[in-house]
Amino acid sequence: MLKSHVLKAFAIAALFTTALAGPVDAASDKSAFRMIVGEPRYMDPNLAADFAIYVNAQLFQPLARTDKDGNLVLLQAKSIELAPDGRTWKIALNPDYKWSNGQPVTAADWVYSWKRILDPKTGSETASFLSDVENAMDYNKGTLTDAEKVGIKATGEYTFEVVTALPAPQFRAKLALPYLTPVPKAVVEEFGEKWVAPEHMLSNGPYKLVSRVNDQSIVMEANPHYGGAKPAIPRIEMTIASGDQCTAQLRAYEADEIDFTTCVPSQDIARIRGDADLGKQLDPFALAATEWVQFDMRQAPWSDKRVRHALALVIDRQAIVTAVSDGTNRIATTIVPESIPGSNTADALKGSIEGAKKLLAEAGFPDGKGFPQFTISTTSTRERPLIAQLLQQMWSDNLGIQANINVLEANAFRAWVQTRKTEKYDIMINGWWSDYADPANWFGDLVTADPRQNHFTNEAFAEIVKKADAETDPAKRAELYRQANKILEEEQPMTALQNPTDLWMVKPDVQGLAHEGVLNMYHIGEAAFK
Amino acid sequence: MLSFLIKRILSAIPTLLIAYTLVFFIAHATPGSPWDSGGNRPIEPSIKAVLDAKYNLDKPLYVQYTSYLWNALQGDFGPSYRDRTQSVNDIVARFLPVSLKLGAAAMLLAVLLGLPLGALAALTRHPAVDGLIRMISTLGISMPTYVVTSILIVSLGVGLGLVPTFGWKGLFTASSLVPIFSLALAPLAAVIRCFRTSMLEVMNLDFVRTARAKGMKPLPIIIHHMGRNALIPAITVAGSYAAYVLVGSFFVESIAGIPGFGRYFVLAIAARDYPVIIGTTLIYAVIVVVINLLVDLSYFLLDPRARLEQGR
């Protein structure tokens, strides 16, 4: 009696759960390209400075692209010419490129957008990419209020000019940055910050935004008025992930829910590489990026070159690369990656562990005796805490010096790095990703501008970099940077550890999804289903 | 009853005020600023200053404290820094319903399964059945949700392909199965254990024996005499779980890709999105207060003694 009632209760519960279940989604017809991305902080291309540029790149297109040899491949521009003064860039737009409502993309849109990036009220993190432009930084910092004085102006309906403060050869590469795209002036002025809503947004690239649900999904469809080759894939469906995106992507990829992943969790790399099918779908790309360990150059013992050399010489980079990436990252012996002009791996520091011990003894710390206890600070992401532990052990085993590890949450770490401008530290782990394939992005933007608070000051280095920045002959310029590179590696304010590798996975029925540029962009508009 | 209600509602005011004060100062004391969560390069100090001014972050903290409170009292919880096109009110309106729906389904499942299982465990003479039910409840209490969610996704999603591994398509789709089960497991286990214990307690009480002696059928005795009396502790336990199941779990929502309140709340903390942190905490606090009140009110319906005491 009781039993039958209990069974009934079970049956009701079971019914309830199956009613909730509903049908499982059927496998998609292959008209949509499916992927998982992080929530873009900004859909506004004038504001996007993080991974949102990869989402935005499907919608918004820059003037050109840079090929492997540093030449411009024109997109929205019909021509880009540098005037004989070495400062004036004359840009003619290709009138075939239109906004997604069919209206022309004009010079007025471009000029408006770039000044909007610089406008302090916009608060854009991408403003620094226009820092070469005459009066740009004064306007951005608020010391100059007249936007007309900024060296960007329209000279016709489809032509505009950009004047740099000094001859700036690196500006050629910046003209092709995905950060510098246009926004539709009229729409932005009408709707303000809400212009990015799907019902208002106009884009100039291969796709247009069809729908966006915050933290849930983004859907794009081919822009019918796009001036370039029409996309073969008519629709993109992006699901938004937060937190551990790599794990979410890999699971969905293995369950055939998405066509493409942009990373593989480090603990899964060995399994994927060992799998007969999945291993073949792995598509690695060597990034022009470096992760390193850096010293606070302002204080002892780090201001002593012998100490820096000793610590650098006992690092087993192969052990680091194996531990964090199953050997897919590459060993870095110099800060500036090989693919950037001016780099030279022959400048790498050479020596042995015995030599390192001798150097430390010469600096006054035989067998590490008397060496102050110090702290390695790092962000909690990107396997960096693991790198810190490996360094801690290598230094303790080989030199007899003891380190503590201070792991900070990502946002707190960034804020902490900024306060190191005035406050002291010992050692931190950090990294730099090329924004554009030009040595100025490393020797200037990284070392001289010092956003990582390394406090490396060297007169000879500064002089050479200053000369190189203004040198218009590419060969002479590269040679100057090579001299600077020699000083940088000899002084060793930062010790390079590894060059990260992006691990994409692409389903076998997708073709033509290529890695583009130093930022490793993907352009779904150029891919197709087999 | 009315005076009880009024007393409880009045006592909620200082609770909410303390919650607001704590979360306001803890949020602002956390290192990092809303403008530090960018990409490769740090933001210019001058731009930071402009943004601070735009959102009144350059004002002294006590001014921010009072002005936010004043606006919140009028129902305006401020803008979001993480997504400048949205206000906190927009965010709550969009993300809270998703979590509420999932949470309600999970609680329903926990109660509908938990009560019969708890009763069965108490009444059965069969050690295997009791053991099995006890195993379910022990697992449910001891396994953290992120483990449950991951196991369910890897086995049912990646392995068997029965459910999607990620994303949200609505409550009545396969995409809600994993989150509902993950959320339901802990309250289910608690309801089973609690109901089993209290059923055992009332089983041999006089009124049950009397009912049996009168010749009543077993099921009416179990439901009307035992069940109703044993229900009170189970309701209290379910109520304490309801508050956090309803507002959403960060782990379940992050791992299963659910755009819910729990996930957004933690993302806001990572982004130092002060208005969102404060606004969502206040709403969380209100939900906890309301659910506790509802649990207390349910005693009146279930327990005649509570009504009597109030009547005196």
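The values are calculated or read from the model by the stated rules, or taken from the named source; none is laboratory data. What you see is a predicted model, and the numbers here were worked out from it, not measured in a lab. Positions of Cβ are generated from backbone atoms using ideal geometry, with glycine treated the same way; all protein chains shown enter the neighbour counts.
Annotations
- Condition check for B:THR124: farther than 30 Å from B:LYS54 by Cα and in contact with a helix residue (DSSP H, G or I) (Cβ under 6 Å, 6 or more places away or on another chain): yes
- For the range A:406-461, filtering for residues that are more than 22 Å from A:THR381 (Cβ to Cβ), touching a helix residue (DSSP H, G or I) at 6+ places or on another chain (Cβ under 8 Å) and of a type in the set (A, V, I, L, M) leaves 4.
- Within the range A:408-458, tally of residues that are within 13 Å of another protein chain (Cβ to nearest Cβ) and of a type in the set (S, T, N, Q): 8
- Some residue of the range B:33-40 being more than 10 Å from every other protein chain (Cβ to nearest Cβ) and in contact (Cβ under 8 Å) with a residue 24 or more places away in the chain: no
- Filtered residues of the range A:350-364 (kept if assigned to a loop (DSSP other than H, G, I, E, B) and either modelled with pLDDT of 95 or more or charged (D, E, K, R) (or both)): A:LYS350
- Every residue from the range B:149-160 that is assigned to a loop (DSSP other than H, G, I, E, B) and closer than 14 Å to A:LEU250 by Cα: none
- Test: residue in the range A:83-102 that is free of Cβ contacts under 8 Å to residues at least 12 places away in the same chain, in contact with a Lys or Arg (Cβ under 9 Å, 6 or more places away or on another chain) and more than 25 Å from A:TYR226 (Cβ to Cβ): yes
- Residue within the range A:109-116 that is crowded, with 20+ Cβ neighbours inside 10 Å, hydroxyl-bearing (Ser, Thr, Tyr), touching a residue at least 40 places away in the same chain (Cβ under 8 Å) and under 26 Å from A:ARG477 (Cβ atoms) present: no
- Within the range A:449-466, residues that are within 13 Å of A:GLN299 (Cα to Cα) sit with their Cβ atoms under 8 Å from residues that are of a type in the set (A, V, I, L, M) and assigned to a loop (DSSP other than H, G, I, E, B), at 6+ positions apart or across chains, in these pairs: A:ASN454/A:MET297; A:HIS455/A:MET297; A:PHE456/A:MET297; A:THR457/A:MET297.
- Output for the range B:93-112, where each listed residue is closer than 17 Å to B:LEU282 by Cβ, crowded, with 18+ Cβ neighbours inside 10 Å and more than 9 Å from every other protein chain (Cβ to nearest Cβ): B:LEU96, B:SER99
- Residue list for the range A:366-414, filter: touching a residue at least 24 places away in the same chain (Cβ under 8 Å), assigned to a helix (DSSP H, G or I) and under 11 Å from A:ILE429 (Cβ atoms): A:ARG384, A:LEU386, A:ILE387, A:ALA388, A:LEU390, A:LEU391, A:PHE413
- Some residue of the range A:258-273 being within 12 Å of chain B (Cβ to nearest Cβ), touching a strand residue (DSSP E or B) at 6+ places or on another chain (Cβ under 7 Å) and either basic (Lys, Arg) or over 24 Å from A:ASP367 (Cβ atoms) (or both): yes
- Here B:ASP90 passes the criteria (1) at pLDDT 85 or above; (2) facing chain A (nearest Cβ under 9 Å); (3) in contact with a Pro (Cβ under 8 Å, 6 or more places away or on another chain) except the one numbered (3).
- Residue match in the range A:193-213 (condition: within 30 Å of A:ALA475 (Cα to Cα) and either polar (S, T, N, Q) or within 13 Å of another protein chain (Cβ to nearest Cβ) (or both)): no
- Consider the range A:27-74 and keep the residues that are outside any loop (DSSP other than H, G, I, E, B) and more than 14 Å from chain B (Cβ to nearest Cβ). The one that is nearest to B:ILE255 (Cα to Cα) is A:PHE33.
- The residues of the range B:222-269 that are of a type in the set (Gly, Ala, Ser) and more than 14 Å from every other protein chain (Cβ to nearest Cβ), listed by number, are B:ALA230, B:ALA234, B:ALA238, B:GLY239, B:SER240, B:ALA242, B:ALA243.
- All positions within the range A:296-306 that are among the aliphatic types (A, V, I, L, M) and either at pLDDT 95 or above or closer than 18 Å to A:ILE487 by Cβ (or both): A:MET297
- Of the residues A:PRO366, A:PRO337, A:PRO301, the single one that is surrounded by 14 or more Cβ atoms within 10 Å (Cβ to Cβ) and within 19 Å of the chain's Cα centre (by Cα) is A:PRO337.
- Some residue of the range A:426-441 being closer than 19 Å to A:THR290 by Cβ and of a type in the set (D, E, K, R): yes
- B:SER33 being among the small types (Gly, Ala, Ser) and loosely packed, with under 13 Cβ neighbours inside 10 Å: no
- A:THR88 fulfils the conditions (1) among the polar types (S, T, N, Q); (2) under 30 Å from A:LYS507 (Cβ atoms); (3) at pLDDT 90 or above except for a single criterion, (2).
- Verdict on A:SER131 being within 14 Å of chain B (Cβ to nearest Cβ) and surrounded by fewer than 21 Cβ atoms within 10 Å (Cβ to Cβ): yes
- Filter result (surrounded by 20 or more Cβ atoms within 10 Å (Cβ to Cβ) and touching a Gly at 6+ places or on another chain (Cβ under 6 Å)) within the range B:131-174: B:VAL163, B:THR165, B:PHE166, B:GLY167
- Of the residues contained in the range B:231-247, none is found to be part of a loop (DSSP other than H, G, I, E, B) and polar (S, T, N, Q).
- Scanning the range B:270-312 for residues that are within 13 Å of chain A (Cβ to nearest Cβ) and modelled with pLDDT of 85 or more yields B:ARG272, B:ASP273, B:TYR274, B:VAL276, B:ILE277.
- Residue tally, condition small (Gly, Ala, Ser) and more than 7 Å from chain A (Cβ to nearest Cβ), over the range B:131-184: 11
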